[in-house]
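Input: a single structure, listed below in structure tokens.
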């Protein structure tokens with residue numbers, strides 16, 4: 001019985017990770033319709049995104065948020081969609097400097 005539960009939990013966890021990854025890629029590439037579709041499926045607009053350095057294959061301690069990505073890239077419509085679904089405009093970016101606890105304001 002535990003094996004079945006473990007399998008189902010891992011499957012659901014993997015599906016959630018794929019959904020999150022596709023959502024993040026849609027935000028990064030400016031695919032408004034896809035972002036809106038994911039938000040309508042109740043994906044968290046305030047999810048933390050940990051940056052990945054492909055050159056060194058290391059997960060960075062720097063965290064950002066979907067709204068920050070949209071604002072940084074100038075995707076106003078995506079930013080509006082994220083805000084309409086509850087994205088926090090006062091969220092802070094952790095730039096990797098762990099000596100600072102407040103990070104940097106997104107907007």
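The values are calculated or read from the model by the stated rules, or taken from the named source; none is laboratory data. Everything numeric here is computed off the predicted structure, so don't read it as measured data. Every residue, glycine as well, gets a Cβ built from its backbone with ideal geometry; the counts of neighbours run over all protein chains shown.
Could you check how many residues of the stretch 61-107 are modelled with pLDDT of 85 or more and in a loop (DSSP other than H, G, I, E, B)?
Of the residues in that region, 9 qualify.
Of all residues in the stretch 62-89, which are farther than 15 Å from residue 35 by Cβ and in contact with a strand residue (DSSP E or B) (Cβ under 7 Å, 6 or more places away or on another chain)?
62, 63, 64
Please enumerate the residues belonging to the stretch 15-36 that are at pLDDT below 95 and more than 13 Å from the chain's Cα centre (by Cα).
Answer for the stretch 15-36, where residues must be at pLDDT below 95 and more than 13 Å from the chain's Cα centre (by Cα): just 15.
Kindly indicate the residue of the stretch 11-30 that is touching a residue at least 24 places away in the same chain (Cβ under 8 Å) and more than 13 Å from residue 65 (Cα to Cα) and also surrounded by the most Cβ atoms within 10 Å (Cβ to Cβ) among those meeting that condition.
30
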